[in-house]
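Data block below; observations after.
The values are calculated or read from the model by the stated rules, or taken from the named source; none is laboratory data. Predicted model, so just to flag it, every value in this text is computed and none were measured. Don't worry about glycine lacking a Cβ; one is built from the backbone with ideal geometry, like all the others, and counts go over all protein chains shown.
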């Protein structure tokens, strides 16, 4: 079992230290803990994988998320990741929203939704609205926010995407409403039925699609069987290069290197991006990262130390809009930047992704873009546990609430191809790469941070078993927050290394 551990916002704001050179950057970072994996006690390293947890991520020390029952307090749809145990003392490179920041935004949020509600019409029953159908991500997010109270009453969580019919994505824009059990309306009372259509400001409307989430209750045991293929062995240290997909490890956890990047600030150091929960373990002050393992635990070499990281950020700073009515609304960011150490052999670093090749620029998610620019797109990932896997972006901006009333968002919901799992334990940090179109290079769009492989699954088609799903962070927004640029070619990497060394000496 994996657990999120963290201290309350009040505790964290006693001595806030902002790591970003721009003081306006405000994100929250909280420690994460994972139980020791009995199968790996002999190597004393825990993997950072994909799993849900159980209590408020903003008010915990050593407990996990508890989930209640429908309909009054439905168990929330909570994907969570694993990491090392932490303490507060060494969080010098974290930033988080202060209590004054949240208080200042609360009134602004309230006024925003009061004005928004003035243009919202009652739910349509048995008729099509007169306005136009939603076509953009922003329109769907706005409609959902306008009706969040009714949606919260009956759902585990919601997301935006396309309607799903017989397990297949259509091209019909919809708000996806996740419930613990989906049955025919014949067996529901009228008060239990959700409207089939919702209208937002300006009479913009969309469908409502109910999706069953099979909730297990207590976590099911996860399979400890490891894959052993050529690509996976290379990523775990058999290969001579390190790059996207390679195993990286701290003293207590291991996960996957996401991308080779450079800092936009200071000396513009070259380093790599992975999840915060993979990289940061505050039991070890220097936050050192290794490949494939720390020397004390196995063969490995020092890569560098964490320079800055983040876990959560308020929705208005992340999306540029108020995505929910709750004044305590946060988006999972979960990223860390680790510059390569001065004595690391940079000739071993590659910008090519194994079994994928060269990648293109980051796919920027513009909320005013058509829904089809993201939802339904084919993606792939390369991770240290499962190697190359393929899947589909099923939804964006997954929203759920914990039992303390705190609202959380996670950007991507991805399902694997042919009901195969998209990620395994230890793949956290892997790039989510959108397949290229019209002979274009594949473009990275996000990084994996978690999922629900051992807590629950999505049932998308009658007569077929539920499917695992994976959570991801919007890469473009994360790079912007951490002030990083993606490096996509070997020539660009060599040039940046030369420039850095020139100015350094």
Pairs under 9 Å by beta carbon, first residue closer than 16 Å to residue 109 by Cβ in region 146-158, partner part of a helix (DSSP H, G or I), six or more apart or different chains?
146/113; 146/116; 146/117; 146/201; 148/113
So residue 366 clears everything in (1) more than 23 Å from residue 280 (Cβ to Cβ); (2) in a strand (DSSP E or B) except one condition, right? Which one?
(2)
Which pairs do you get when a residue that is touching a residue at least 12 places away in the same chain (Cβ under 8 Å), found in region 232-245, comes within reach of a residue that is assigned to a loop (DSSP other than H, G, I, E, B) and crowded, with 24+ Cβ neighbours inside 10 Å, reach meaning Cβ atoms under 6 angstrom, with the pair 6+ apart or on two chains?
235/245; 235/246; 235/384; 236/384
Considering only residues that are over 22 Å from residue 170 (Cβ atoms), in a loop (DSSP other than H, G, I, E, B) and out of contact with any helix residue (DSSP H, G or I) (no Cβ under 6 Å at 6 or more places or on another chain), which ones fall in region 374-419?
385, 386, 402, 403, 404, 405, 406
Qualifying residue in region 123-143 (condition: in a helix (DSSP H, G or I), surrounded by 11 or more Cβ atoms within 10 Å (Cβ to Cβ) and modelled with pLDDT under 75):
no
Residues (at pLDDT 95 or above, touching a strand residue (DSSP E or B) at 6+ places or on another chain (Cβ under 8 Å), outside any helix (DSSP H, G or I) and at negative phi) located in region 467-496
472, 473, 474, 484, 485, 486, 487
Got at least one residue in region 352-362 being surrounded by fewer than 24 Cβ atoms within 10 Å (Cβ to Cβ), under 26 Å from residue 315 (Cβ atoms) and in contact with a helix residue (DSSP H, G or I) (Cβ under 9 Å, 6 or more places away or on another chain)?
yes
Can you pull out every residue in region 316-328 that is modelled with pLDDT of 95 or more and in contact with a strand residue (DSSP E or B) (Cβ under 6 Å, 6 or more places away or on another chain)?
318
Answer yes or no: is there a residue in region 372-392 that is surrounded by fewer than 16 Cβ atoms within 10 Å (Cβ to Cβ), within 18 Å of residue 324 (Cα to Cα) and in contact (Cβ under 8 Å) with a residue 60 or more places away in the chain.
no
Any residue at all in region 343-350 that is modelled with pLDDT of 95 or more and over 25 Å from residue 301 (Cα atoms)?
no
If a residue must be touching a helix residue (DSSP H, G or I) at 6+ places or on another chain (Cβ under 8 Å) and assigned to a helix (DSSP H, G or I), how many such residues does region 160-214 contain?
2
